[in-house]
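See below for the structure under consideration.
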Amino acid sequence: MRNTLIAGNWKMNGATSANDELVSGIIAGAPAAENVELLICPPFPYLAAMVAATAGSKVAVGAQNVSEHAGGAFTGEVAASMLVDLGCEYVIVGHSERRTLYGESSRDVAAKFASALDAGLRPILCVGETLEERQGEQTETVIDEQLDAVIDAVGIEAFGNAVIAYEPVWAIGTGMTATPEQAQEVHAHIRARLAGHDPVVAESLQILYGGSMKGENAAGLLAMTDIDGGLIGGASLKAADFLAIAEAAAQG
Ligand code: PGA
């Protein structure tokens with residue numbers, strides 16, 4: 001059985017005192033269930049403080065982005081080895097905001113995925129279609145392209161140390177959630193595509209859903225066979241909201 005991973009993507013939100021309050025609330029209310037894993041992904045400047053604040057708790061810390069380069073003259077970039085040095089365990093790669101707003105191609109995302117793995121980080125690879133692509137019945141084509149770029153670059157075995165997040169772009173920050181059935185259909189497709197390369201890796205891979213997940217809709221989504229957690233934006237910024245999702249995971 002796969003554990004359920006409830007991951008908070010704080011995006012560009014936070015401040016020292018607000019983060020302390022948020023993380024202490026999460027730690028205090030974290031469900032004891034061993035099959036529920038919790039993760040927070042704060043902005044870079046707060047990672048070290050959040051690693052210190054979560055020490056000894058069940059809350060892991062990850063970053064939201066990483067350089068594809070190992071080090072050197074890349075002003076403003078952060079290497080995967082630095083994230084490991086700080087105590088991060090995960091990094092999000094290929095979030096749709098990075099693909100759309102910062103022009104990251106699937107090749108760039110694959111390079112970031114590879115550099116994260118090389119350093120010993122667990123990448124969370126985000127994939128997902130826009131509303132236009134869904135309406136044009138392009139969902140599977142788009143997701144296959146996003147997945148294949150990474151599989152081709154790093155090989156299927158690498159997914160043994162990775163997580164995938166299916167995040168329909170039309171559901172991110174919009175309040176429009178995919179129905180459990182819509183999400184399950186895509187999750188099953190992703191798992192089948194990976195199983196075509198290696199069924200064992202595909203079976204153990206955690207596939208998270210992301211896009212307006214909240215306490216009220218989490219149970220229905222998490223009940224689906226191929227949904228193994230959530231990547232949560234808006235509802236990860238208040239301890240009570242994030243814990244409501246973690247609680248739904250623990251009850252499931
Ligand atoms: P949302 O964001 O939960 O605010 O829709 C999810 C994400 O972008 O990871």
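Quick note: the coordinates plus some simple rules give every number you see, no bench work behind them. Please read all numbers here as calculations on a predicted model, not as lab measurements. Note that each Cβ is placed from the backbone with ideal geometry, even for glycine, and that neighbours are counted across all protein chains shown.
So the values come out like this:
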read-out: Region 155-179, residues that are buried (at least 21 other Cβ atoms within 10 Å of the Cβ), more than 16 Å from the ligand (Cβ to nearest atom) and not in a loop (DSSP other than H, G, I, E, B); value: Phe159
read-out: Checklist (1) surrounded by 13 or more Cβ atoms within 10 Å (Cβ to Cβ); (2) in contact (Cβ under 8 Å) with a residue 24 or more places away in the chain applied to Glu104, failing item; value: (2)
read-out: Condition check for Glu247: closer than 16 Å to Gly8 by Cβ, more than 15 Å from the ligand (Cβ to nearest atom), assigned to a helix (DSSP H, G or I) and touching a residue at least 12 places away in the same chain (Cβ under 8 Å); value: yes
read-out: When residues of region 15-31 are limited to those that are surrounded by 19 or more Cβ atoms within 10 Å (Cβ to Cβ) and not β-branched (Val, Ile, Thr), the one farthest from Glu203 (Cα to Cα); value: Asn19
read-out: Selected residue (criterion: farthest from Gly233 (Cα to Cα)) from residues of region 43-80 that are among the β-branched types (Val, Ile, Thr) and in contact with a helix residue (DSSP H, G or I) (Cβ under 9 Å, 6 or more places away or on another chain); value: Val78
read-out: Inter-residue pairs, beta-carbon under 9 Å, first in contact (Cβ under 8 Å) with a residue 40 or more places away in the chain and in region 7-24, second basic (Lys, Arg) and more than 10 Å from the ligand (Cβ to nearest atom), 6+ apart; value: Leu22/Lys238
read-out: Residues within region 120-141 that are under 18 Å from the mean Cα position of the chain (by Cα) and away from the ligand (no atom under 16 Å from the Cβ), tallied; value: 3
read-out: Where a residue in region 146-157 is farther than 19 Å from Arg98 by Cα and its partner, wherever it lies, is aromatic (Phe, Trp, Tyr) and in a helix (DSSP H, G or I), with Cβ under 9 Å and at least six apart; value: Ile151/Phe159; Ala153/Phe113; Val154/Phe113
read-out: Verdict on Leu222 being touching a Phe, Trp or Tyr at 6+ places or on another chain (Cβ under 9 Å) and surrounded by 19 or more Cβ atoms within 10 Å (Cβ to Cβ); value: yes
read-out: Spans of helices (runs of 4 or more DSSP H) in region 1-103 with at least 2 residues touching an Asp or Glu at 6+ places or on another chain (Cβ under 7 Å) and under 18 Å from Cys126 (Cβ atoms); value: 96-101
read-out: Residues of region 209-228 satisfying the condition of being more than 11 Å from the ligand (Cβ to nearest atom), without any contact (Cβ under 8 Å) to a residue 60 or more places away in the chain and in a loop (DSSP other than H, G, I, E, B); value: Ala223, Met224, Thr225, Asp226, Ile227
read-out: Unmet requirement for Ser236, which otherwise passes all of (1) surrounded by fewer than 21 Cβ atoms within 10 Å (Cβ to Cβ); (2) over 17 Å from Val127 (Cα atoms); value: (1)
